[in-house]
Amino acid sequence: MTGTAPWQAAYALQAHRPMLLGLAYRLLGSLHDAEDVLQEAYLRWLGADRESVAEPRRYLSRVVTRLALDRLRARQAARETYIGPWLPEPVPTAPSPFGPLDSAELRDSLSTALLHLLERLTPPERAVYVLHTAFALPYAEIGDILDRSAADCRQLHHRAAARIADGRRRFTAGPAEQRRLLDAFLAASRDGNLTRLTELVASDAVSWNDGGGAVRAARNPVRGADRIARFFAGLYGRGRPIEAAPAELNGGPALVLRWSDGTRYTLAVAAADGRITDLYLVGNPAKLSRLPG
C-alpha cells in the first residue's frame with residue numbers, strides 16, 4: 001500500500017527536515033516539542049499511501065501543522081500551571097537547525113520577540129500567520145492544510161496581524177543595534193550603574209523572566225526602566241561572579257549568562273528608537289539543554 005520502501009520515506013522526510021522543523025518550532029516555540037512532532041509525522045508518513053502523494057513537502061507540511069496545532073492546544077490548556085512568564089526555548093542558530101536564514105524576514109520570524117507575541121494568538125491564527133508570513137504560502141494552500149476556505153484564512157491572518165501589530169512596533173531595531181544595546185546593558189549591570197541602565201531602557205520597558213519554577217526568576221514581568229535597572233543591577237550585586245558569553249540565538253544577538261554555581265540564563269532584547277523595550281531572560285533548565293557547554 002505504501003508504495004515505497006521505508007528508507008525512501010525516511011529520505012523524503014530528511015530532505016525537508018529543516019523546513020519542517022522550523023515550521024513546527026515557529027508554531028510551538030519549543031524545539032523539543034517540534035522534534036517530537038517530526039517523529040510522529042514520520043510515523044504517519046511511513047503508513048501513508050506515498051505513491052498517491054504528488055508533493056511530499058506539501059503533504060508533510062500539512063501533517064506537521066496539524067500535529068503541532070494539537071500539541072499547541074493541549075499546552076495552552078495546561079499553561080495555567082506554569083510558574084511565571086512563559087518564553088520560547090532559545091535555539092542556537094549559528095548554524096541554524098532550520099536551514100539557511102538568508103533573509104531578514106526569516107530571522108525575524110524566529111526571533112524571541114515575535115515568538116513571544118505569537119502566544120497572544122489562537123492556534124488557527126498562529127498557524128495562518130506563520131504559514132503566510134514565514135513561508136509565503138498563499139491562502140488557498142493554507143486553507144488546504146487547515147481544512148478552511150481561503151477567505152477564512154485571509155481573515156484569520158488579518159486578525160493575527162492586528163493583534164501583534166502594537167508589539168511589533170516595539171522591536172524595530174536590527175541585530176547590530178540590539179547587540180550594541182545588549183553589550184552596553186551588560187556593562188552597566190556589572191558596574192551597578194543605575195543611571196546608565198535607565199538611560200538604556202525605555203520608560204515602559206518590560207523584562208520577561210522565565211525560570212519555570214526551577215531557578216530564581218521574577219514570577220511576574222518587571223515593568224518600567226527604574227525597576228528593571230534595580231533588578232539587573234541586583235543580579236550582579238549579590239557577590240556571585242557571572243560569566244557572559246555572546247551567542248546567536250533565534251537568529252539574533254543574545255548572551256549566555258553563567259553563575260559560579262553552574263546556573264545558566266540566556267538574555268535577549270528587543271529595541272526601538274535607541275532604547276531597549278523588552279528583555280527576555282530564560283533560566284528554565286529544561287529550555288537550555290541545547291546550549292553549548
Working only within the stretch 66-98, note down all residues that are β-branched (Val, Ile, Thr) and farther than 30 Å from Pro175 by Cα. Thr81, Ile83
Which one of these does Ala214 not meet: (1) of a type in the set (Gly, Ala, Ser); (2) farther than 29 Å from Ala94 by Cα; (3) within 21 Å of the chain's Cα centre (by Cα)? (2)
Out of Leu121, Leu115, report the one residue that is of a type in the set (A, V, I, L, M, F, W, C) and either in the same structural domain as Glu248 (by TED's automatic domain parsing) or under 19 Å from Asn284 (Cα atoms) (or both). Leu115
Can you tell me how many residues within the stretch 128-158 are without any contact (Cβ under 8 Å) to a residue 12 or more places away in the chain and of a type in the set (S, T, N, Q)? 2
Looking at (1) without any contact (Cβ under 8 Å) to a residue 60 or more places away in the chain; (2) surrounded by 17 or more Cβ atoms within 10 Å (Cβ to Cβ), can you tell me which one Ala254 breaks? (1)
Kindly check whether there is at least one residue in the stretch 159-170 that is buried (at least 16 other Cβ atoms within 10 Å of the Cβ), in contact (Cβ under 8 Å) with a residue 60 or more places away in the chain and of a type outside the set (Gly, Ala, Ser). yes
Across the stretch 33-68, what is the number of residues that are free of Cβ contacts under 8 Å to residues at least 60 places away in the same chain and either touching a Cys at 6+ places or on another chain (Cβ under 6 Å) or not small (Gly, Ala, Ser) (or both)? 24
Do you know which residues across the stretch 92-117 are buried (at least 21 other Cβ atoms within 10 Å of the Cβ) and outside any loop (DSSP other than H, G, I, E, B)? Ser109, Leu110, Thr112, Ala113, Leu114, Leu115, His116, Leu117
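The values are calculated or read from the model by the stated rules, or taken from the named source; none is laboratory data. The shown structure was predicted, so the numbers you read here are calculated from the model rather than taken from an experiment. With ideal geometry, Cβ positions are generated from the backbone for all residues, glycine too; neighbour counts draw on all protein chains shown.
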